[in-house]
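Engineer: Here you go, one structure.
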Amino acid sequence: MADYLPLLIVGAILGVASAIFLTVYLWDLRRKEEDSAERQMSDGEICRRLLAYAKPYRGQFLLVALVMLLSIAYNVLSPLLVGQIQKLIREDFLLSALYAKVAVYAGILLVSLVCTYLQAMLLQKIGQKILSAIREDVYGKISSLSHAQLNKIPVGKLVTRVSNDPNAINYLFTNILVTLAKNTLVIFGVLGAMLLLNYALTLMVLCFVPALVLFTLVFRRFSRKAHRGVTDATTDINTFLSENLSGMKITQSFCQEDRKMAEFTDRSRKLQKAKQGRMLVFSVFRPMVYMLFISSNLFLFYLGARGQLDGWTLLGQTIGSDVVVAFYMYINKFFEPIQSLAEQFDMLQRSFASAEKIFTIMDMEPEVVDEPDAIDLPELRGHIEFRNVWFAYEPDQWILKDVSFTVEPGQTVAFVGATGSGKTTILSLLCRNYDIQRGQILIDGMDIRKIRLSSLRRRFGQMLQDVFLFSGTVESNITLGQDFSPEEIARCCGYVNADRFISKLEKGLQEQVLERGANFSAGQRQLLSFARTVIHRPSVMILDEATANIDTETELLIQDSLEKMSHIGTMLIVAHRLSTIQHADNIILLSHGQILEQGTHGQLLSQRGHYHKLYTLQYNKEKLSGK
Ligand SMILES: Nc1ncnc2c1ncn2[C@@H]1O[C@H](COP(=O)(O)OP(=O)(O)OP(=O)(O)O)[C@@H](O)[C@H]1O
Ligand SMILES: [Mg+2]
């Protein structure tokens, strides 16, 4: 009994550690889990869809599997060889035989290194291809979504879906899957080799497996929670950042920096704590596995030493020094992949979570799509008719109620009315950013739903209320990447009076535009959007005039451009300054989504109704402010 005392002591320590872990695990199992972030898609479905992306590369994956098998050879064979070298040194030492064995060892090592390198290179290549395919598919899907759908998803979230989430899937293909497969094979390979070498010692090593399984189970449970904590805290911080970085100027104008800083610090600390928690889980798990590894080595060395000194045998098998050396290496190669497997499973779950988020976006059905029998519009005369149109953004909250009007080709029609009366909505419906619920919108006598979206929008020149400029140059913002000759660009800029301010810019058309056109004034942005529209030769122009105050000089320029543009084709204008639209062929006055009055400026004034009131009010106000 005294002979086995050291082994009993180590065994007792392990037993106590396992009992503690088991208690913690059982205690935690009883706690009710509030699992809000549980996945909806099954692992099987996610795998099936991911495999569809991997399918075009199945040949290459097969090659990787082959190369992987070769690279595993080192793990399985090297301890055997080292054991044999040890035996050779101890028994009948022959230099030539030693050289031969060392050469084989070096050969296997070299093959394994080359294979590992090849495998990594191949996987990176495939992974990057799959990654870009997924990224492009998500982006394509997002760009096909309707305005209503896009309004519902925060931009920060969409950016994460296109950038971060595919990365997690890339990691799955390049790293996790292979490591999982490789580690599983290594474990079985090593186990087989150990059994062949000495089954008694193998059984001794296997005695540690239940403890290992227990530690792994506990680790998986706690690491999942820890990861979820980190993910939630990261999403929280990202959402805060995406909103507050855009709104930083407002924060500064209202001197709210301190309050926002406090909110940010709070989130930042939460993330810090969550990450520390995750580290804690790993910092307990890894030493525990290491403890098992050391303990099994202690057993091995003790049995080996007693075998050498006292001729001990285990289950009738002798334990020579060559076996001890080989087993020392095998034990390492057995425990390492098991620890890695536990950690990789965790990563696998995280990749699946990312994949699910991506597939959820991909599963969104675009709400505004081409009908099967939709046709291309080769030409557009510019006849527009709204026939008893009813529209609501949210069910039953009607924004437009039974709106009907007609615009003849080449006419200029203006929409006026109080803020929120539905002017922008009408223009939006015309470009089919949303589908109407009742009634009909006809263009050249054809229902808008029967016209292909791309062909419809190409014929429309939209100048929106909030002019969007991309970062780039003034020129790239006008041409939007299409080929136009310098003369044509210059002619269009001149036509809409944008040339005056462009010529004053240091680099002219090549002047840099900052994100969202931050370095241009509202009036300048509007003139640029005019140039952008005119150069693309639309049949119908839509202008949603900005409410921002524009200086009198720019206003005159804009008026002049509008007057010129009205000769290009049909024009629909939403105007806030009634002076802008006095020459319109028809003025439609809206109130709460209904048409109150319509007619020319003169007709409406003589009716002395709402328009007359509005006009007199504005006229007096402008006179007072000296405009
Ligand atoms: N995307 C949206 N989702 C839900 N409701 C919306 C949306 N866009 C606008 N609305 C609502 O529709 C109504 C009409 O909005 P619209 O933008 O057409 O007004 P407008 O006449 O252009 O106003 P303004 O003169 O201020 O530009 C408003 O009550 C607004 O709250
Ligand atoms: Mg509007």
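Engineer: Compute the helix-to-body angle for 58-90: its Cα long axis versus the longest principal axis of the chain, expressed 0 to 90° and rounded to tens.
Structural biologist: Value to nearest ten degrees: 30.
Engineer: Under 1.5 on a/c is rounded, so check that first for the range 80-222, then, if it is not, pick prolate when a/b is larger than b/c and oblate when it is not; a ≥ b ≥ c are the square roots of the alpha carbon gyration tensor eigenvalues. Write out the running numbers ahead of the final one.
Structural biologist: Working: a/c = 5.69, a/b = 2.19, b/c = 2.60.
Oblate, since a/c reaches 1.5 and b/c is not below a/b.
Engineer: With runs of 4+ DSSP H residues as the only contributors, calculate the mean residue ellipticity of the chain at 222 nm using -39,500 (n - 2.57) per run, divided by the residue total and rounded to the nearest 500. Walk me through the numbers before you get to the answer.
Structural biologist: Working: 22 runs with 399 residues, N = 627.
The helix-only estimate for the chain comes to -21500 deg cm²/dmol at 222 nm.
Engineer: Given the range 384-624, what percent of its DSSP beta bridges are antiparallel, to the nearest 5?
Structural biologist: Details: 20 of 38 bridges.
Taking every DSSP beta bridge with both residues in the range 384-624, the antiparallel ones total about 55 percent.
Engineer: Looking at the square roots a ≥ b ≥ c of the eigenvalues of the Cα gyration tensor of the range 341-403, which shape do they give, rounded for a/c under 1.5, prolate if a/b is larger than b/c, or oblate? It would help to have the intermediate numbers written out before the result.
Structural biologist: On the way: a/c = 5.96, a/b = 2.34, b/c = 2.55.
Oblate.
Engineer: A further question on this structure: Can you give me the long-range amide H partners of T412? Hydrogens built in the peptide plane at 1.01 Å from N, cutoff under 5 Å, separation of 5 or more residues or another chain.
Structural biologist: M571, D585, N586
Engineer: Run through the range 51-133 and list the chymotrypsin sites (Phe, Trp or Tyr not before Pro) located in a DSSP loop whose Cβ has at most 15 other Cβ atoms within 10 Å. Walk me through the numbers on the way to the answer.
Structural biologist: Values: sites: Y53, Y57, F61, Y74, F93, Y99, Y105, Y117; in loops: F93.
Here the chymotrypsin sites (Phe, Trp or Tyr not before Pro) that fit, given the DSSP loop and packing criteria, are F93.
Engineer: Sticking with this structure for a sec: Setting aside same-chain residues fewer than 8 positions from K275, which lysines have a Cα under 22 Å from its Cα?
Structural biologist: K157, K225
Engineer: Okay, next question. On a 0 to 90 degree scale, rounded to 10, what angle separates helix 43-54 from the longest Cα axis of the chain?
Structural biologist: Relative to the chain, helix 43-54 is tipped by roughly 80 degrees.
Engineer: Can you divide the C-alpha Rg of the chain by 2.2 N^0.38 Å and report the result to two decimal places? List each step's numbers first, then the result.
Structural biologist: Values: Rg = 36.7 Å, N = 627, 2.2 N^0.38 = 25.4 Å.
Normalised by 2.2 N^0.38 Å, the Cα Rg of the chain equals 1.44.
Engineer: How many lysine pairs are close in the range 384-624, with Cα atoms under 30 Å apart and the two 8 or more places apart or on different chains?
Structural biologist: Eligible lysine pairs with Cα atoms under 30 Å apart amount to 15.
Engineer: Taking the Cα centre of the range 151-250 as the origin and placing charges on Cβ (Lys, Arg +1; Asp, Glu -1), which of T216, T179, Y199 is farthest toward the positive end of the dipole?
Structural biologist: It is T216, whose Cα lies furthest towards the positive end.
Engineer: Compare the peptides 581-594, 485-498 by average per-residue count of other Cβ atoms within 10 angstrom and give them in order, highest first. List each step's numbers first, then the result.
Structural biologist: Working: 581-594: 19.3, 485-498: 16.7.
Ranking the peptides 581-594, 485-498 by packing returns 581-594, 485-498.
Engineer: So for each of 557-570, 3-16 I average, over its residues, the number of other beta carbons within 10 Å; can you give me the resulting order with the highest mean first?
Structural biologist: Working: 557-570: 18.2, 3-16: 12.5.
Descending mean neighbour count gives 557-570, 3-16.
Engineer: Express as a percent, rounded to the nearest 5, the fraction of DSSP beta bridges in the chain (both residues included) that run antiparallel.
Structural biologist: Here the antiparallel bridges make up roughly 55 percent for the chain.
Engineer: Report, to the nearest 10°, how far helix 257-310 tilts away from the longest principal axis of the Cα atoms in the chain, using its own Cα long axis and a range of 0 to 90°.
Structural biologist: In the chain, helix 257-310 runs at an angle near 20 degrees to the longest axis.
Engineer: Apply the a/c threshold of 1.5 to the C-alpha gyration tensor of the range 384-624 and tell me whether it is rounded, prolate or oblate. If you can, show how the numbers build up before the last one.
Structural biologist: Details: a/c = 1.90, a/b = 1.33, b/c = 1.43.
Judged from the Cα gyration tensor, the range 384-624 comes out oblate (a/c at least 1.5, b/c at or above a/b).
Engineer: Turning to a different aspect of this structure: Counting other beta carbons within 10 Å of each Cβ, put C255, C207 in order, fewest first.
Structural biologist: Working: C255 8, C207 13.
Ranking C255, C207 by Cβ neighbours within 10 Å, fewest first, gives C255, C207.
Engineer: Would you work out which of H601, Q84, A355 lies farthest towards the positive end of the dipole of the chain, given +1 charges on the beta-carbon of Lys and Arg and -1 on that of Asp and Glu, about the Cα centre?
Structural biologist: Q84
Since every read-out is calculated from the coordinates, none of them should be taken as a lab result. If you're wondering where the values come from, they're calculated on a predicted model, not measured in any experiment. Heads up, the Cβs are rebuilt from the backbone with ideal geometry, glycines too, and the neighbour counts pull from every protein chain shown.
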